[in-house]
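The next block holds one structure in the form of structure tokens; read it before the comments.
The values are calculated or read from the model by the stated rules, or taken from the named source; none is laboratory data. The structure displayed is predicted, hence computed values, not measured ones. In this analysis, Cβ positions are derived from the backbone assuming ideal geometry, glycine residues included, and neighbour counts consider all displayed protein chains. The protein model used for the area step is the full one, side chains on, heavy atoms only, and it has no ligands, DNA or RNA in it. Shrake-Rupley method; radii C 1.70, N 1.55, O 1.52, S 1.80 Å.
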Amino acid sequence: VPDEERIVLDPWGTAHVKDYDRLMQEFGIEPLTDELVERLPFQHRLIRRRVIFGHRDLGLILKAIEEDGSYAVMTGIKPSGDYHLGAKLTSEEFIYFQSLSPKAFGFFAIADLEAYADNKIPLEESHRIALSNLTDLLALGLDPRRVYVYKQSVEIPVLRLAFIFSRAVTYNMIEAIYGPKPFGLYFSALVQAGDILNPQLPQHGGPKPTIVPVGADQDPHIRLTRDLASKYREEFGFILPSATYHRLLRDLTGQEKMSKRNPMGILYLNEPLSSARVKVMQAFTGGRATAEEQRRLGGEPEKCVVFVELLLAHFLEDDKRLEEWYWECKTGQILCGECKARAWTIIEHWLRNHQEKRNKMRDLAEKLLEEKTLSQQW
Ligand code: SF4
């Protein structure tokens with residue numbers, strides 16, 4: 001592939017993927033086939049609808065489930081702000097893989113060092129944000145009995161791993177993966193490799209299959225970590241971590257990635273319903289220029305944020321209803337104003353419910369995080 005046509009994946013910036021087949025070919029990501037999907041004990045809507053489109057070594061996790069073996073589910077959150085729809089996606093995948101087997105154990109890293117390196121957020125502030133994020137994670141259905149929550153800045157084994165890994169990484173190698181970046185980001189990439197392989201350290205029961213659900217733009221971290229896992233296999237016995245990949249979703253205004261620079265594009269899970277409503281009602285659609293045209297030609301649901309991002313990816317569980325909705329739009333039976341109002345009733349119900357659950361989870365979130373902070377004091 002000529003240099004100018006290469007797909008650039010920047011986990012800290014904006015990534016845009018036009019062609020997922022090419023992405024998979026270029027980076028060696030395997031497609032999520034029907035055969036694999038059928039082996040899952042139950043299929044999450046993100047899998048049924050192929051929002052999750054690819055994987056690396058998912059077979060190892062399926063085998064563990066089928067043979068009643070243990071495996072780890074690993075994810076992290078950069079505590080740089082309140083939970084929004086992007087974080088919801090990864091969290092739901094994390095909870096899904098945790099729920100597939102009683103032998104699945106979750107590892108949730110709070111990437112406070114990365115929040116400092118990337119967004120200059122002081123550690124005390126990221127602690128506060130992390131608490132709020134954990135509250136959302138619990139409200140989304142995390143099983144608190146089978147999860148290990150920690151902050152990068154105090155997780156000595158992870159920091160130690162990052163240092164050990166740094167010996168095997170040259171500047172050229174890391175620059176080839178991430179492009180030119182400040183050294184803090186390169187270092188936080190090594191800390192992330194430590195996060196991903198942390199579940200396989202002796203104190204967590206040693207080597208085991210580990211699944212890391214990520215967005216397509218995070219693949220550089222997965223590639224780096226798999227490379228390191230194979231370089232240090234002899235020393236630590238690491239099993240190469242598995243990953244699943246979801247498509248990159250747009251923000252509500254149709255921009256490529258949710259960013260705080262565009263507040264109308266972000267829907268926060270703890271957002272007041274009044275402002276959430278305004279954002280949904282102003283979301284980017286696949287509607288036509290006039291009502292007459294839309295009745296005659298139909299809308300374009302595949303281009304519509306309300307349909308793809310809000311209903312298909314997040315809020316409408318019922319596949320049959322989703323399909324009916326698609327055809328109502330496609331055949332011009334419904335106009336965007338009415339459609340958004342209808343979508344809003346579903347979203348409002350979801351948000352209200354989530355926020356109620358969230359309010360009940362505060363103490364538990366605090367406990368999960370405090371326990372960790374205390375045990376780190378030895
Ligand atoms: S009718 Fe609904 S699904 Fe169709 S383009 Fe308009 S907002 Fe989108």
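Name the residue, out of TYR148, TYR178, that is closer than 26 Å to PHE236 by Cα and either touching a Ser or Thr at 6+ places or on another chain (Cβ under 7 Å) or open to solvent by less than 40 Å² (accessible area, probe 1.4 Å) (or both). I'd like the intermediate steps shown before the answer.
Working: TYR148 fails: either touching a Ser or Thr at 6+ places or on another chain (Cβ under 7 Å) or open to solvent by less than 40 Å² (accessible area, probe 1.4 Å) (or both).
That would be TYR178, the only listed residue that is closer than 26 Å to PHE236 by Cα and either touching a Ser or Thr at 6+ places or on another chain (Cβ under 7 Å) or open to solvent by less than 40 Å² (accessible area, probe 1.4 Å) (or both).
Any residue at all in region 27-39 that is open to solvent by 20 Å² or more (accessible area, probe 1.4 Å), part of a helix (DSSP H, G or I), at pLDDT 90 or above and within 29 Å of PRO182 (Cα to Cα)?
Checking region 27-39: not a single residue is open to solvent by 20 Å² or more (accessible area, probe 1.4 Å), part of a helix (DSSP H, G or I), at pLDDT 90 or above and within 29 Å of PRO182 (Cα to Cα).
Of the conditions (1) more than 30 Å from ALA162 (Cα to Cα); (2) in contact with a helix residue (DSSP H, G or I) (Cβ under 9 Å, 6 or more places away or on another chain), THR225 satisfies every one except a single condition; which number is it?
THR225 satisfies all of (1) more than 30 Å from ALA162 (Cα to Cα); (2) in contact with a helix residue (DSSP H, G or I) (Cβ under 9 Å, 6 or more places away or on another chain) except (1).
Can ARG226 be described as among the basic types (Lys, Arg), out of contact with any Cys (no Cβ under 8 Å at 6 or more places or on another chain) and without any contact (Cβ under 8 Å) to a residue 12 or more places away in the chain? Quick ask: steps written out before the conclusion?
On the way: among the basic types (Lys, Arg): yes; out of contact with any Cys (no Cβ under 8 Å at 6 or more places or on another chain): yes; without any contact (Cβ under 8 Å) to a residue 12 or more places away in the chain: no.
It is false that ARG226 is among the basic types (Lys, Arg), out of contact with any Cys (no Cβ under 8 Å at 6 or more places or on another chain) and without any contact (Cβ under 8 Å) to a residue 12 or more places away in the chain.
If a residue must be part of a helix (DSSP H, G or I) and either open to solvent by 10 Å² or more (accessible area, probe 1.4 Å) or of a type outside the set (A, V, I, L, M) (or both), how many such residues does region 65-88 contain?
From region 65-88, those part of a helix (DSSP H, G or I) are 65-66, 85-88; that's our starting set.
Still in the list and also either open to solvent by 10 Å² or more (accessible area, probe 1.4 Å) or of a type outside the set (A, V, I, L, M) (or both): 65-66, 86-88.
Number satisfying all stated conditions: 5.
Restricting region 121-141 to residues that are in a helix (DSSP H, G or I), touching a helix residue (DSSP H, G or I) at 6+ places or on another chain (Cβ under 9 Å) and open to solvent by 30 Å² or more (accessible area, probe 1.4 Å), which is farthest from HIS84 (Cα to Cα)?
If we filter region 121-141 for residues that are in a helix (DSSP H, G or I), which is where we start, we get 123-139.
Applying the additional criterion that residues be touching a helix residue (DSSP H, G or I) at 6+ places or on another chain (Cβ under 9 Å) yields 123, 125-127, 129-139.
Now drop any that are not open to solvent by 30 Å² or more (accessible area, probe 1.4 Å), which leaves 123, 125, 127, 131.
Values: LEU123: 21, GLU125: 18, HIS127: 18, LEU131: 15 Å.
Across region 121-141, the extreme among qualifying residues is LEU123.
Can you name the residue in region 291-320 that is within 8 Å of the ligand (Cβ to nearest atom) and in a helix (DSSP H, G or I) and is also surrounded by the most Cβ atoms within 10 Å (Cβ to Cβ) among such residues?
Among residues in region 291-320 that are within 8 Å of the ligand (Cβ to nearest atom) and in a helix (DSSP H, G or I), the one surrounded by the most Cβ atoms within 10 Å (Cβ to Cβ) is VAL306.
Could you list, in sequence order, all residues of region 326-335 that are of a type in the set (Val, Ile, Thr) and open to solvent by less than 20 Å² (accessible area, probe 1.4 Å)?
ILE334
Evaluate the following for ARG50: is it over 20 Å from LYS103 (Cα atoms) and open to solvent by 40 Å² or more (accessible area, probe 1.4 Å)?
Working: over 20 Å from LYS103 (Cα atoms): yes; open to solvent by 40 Å² or more (accessible area, probe 1.4 Å): yes.
Yes: the conditions hold for ARG50.
Please verify whether region 340-361 includes one or more residues that are out of contact with any Ser or Thr (no Cβ under 8 Å at 6 or more places or on another chain), in contact (Cβ under 8 Å) with a residue 24 or more places away in the chain and not in a helix (DSSP H, G or I).
The answer is no; no qualifying residue exists.
Go through (1) within 16 Å of the ligand (Cβ to nearest atom); (2) at pLDDT below 95 for ALA216 and report which single condition fails.
That leaves (1) as the condition not met.
Select from region 73-117 the residues that are touching a Ser or Thr at 6+ places or on another chain (Cβ under 7 Å), over 21 Å from ARG39 (Cβ atoms) and among the charged types (D, E, K, R) and list them in ascending order.
Hits for region 73-117 are ASP82, ASP112, GLU114.
Is it the case, given these coordinates, that GLU323 is closer than 13 Å to ARG49 by Cβ, assigned to a loop (DSSP other than H, G, I, E, B) and open to solvent by 10 Å² or more (accessible area, probe 1.4 Å)? Steps first, answer last, please.
Numbers: closer than 13 Å to ARG49 by Cβ: yes; assigned to a loop (DSSP other than H, G, I, E, B): no; open to solvent by 10 Å² or more (accessible area, probe 1.4 Å): yes.
When the stated conditions are applied, GLU323 does not pass them.
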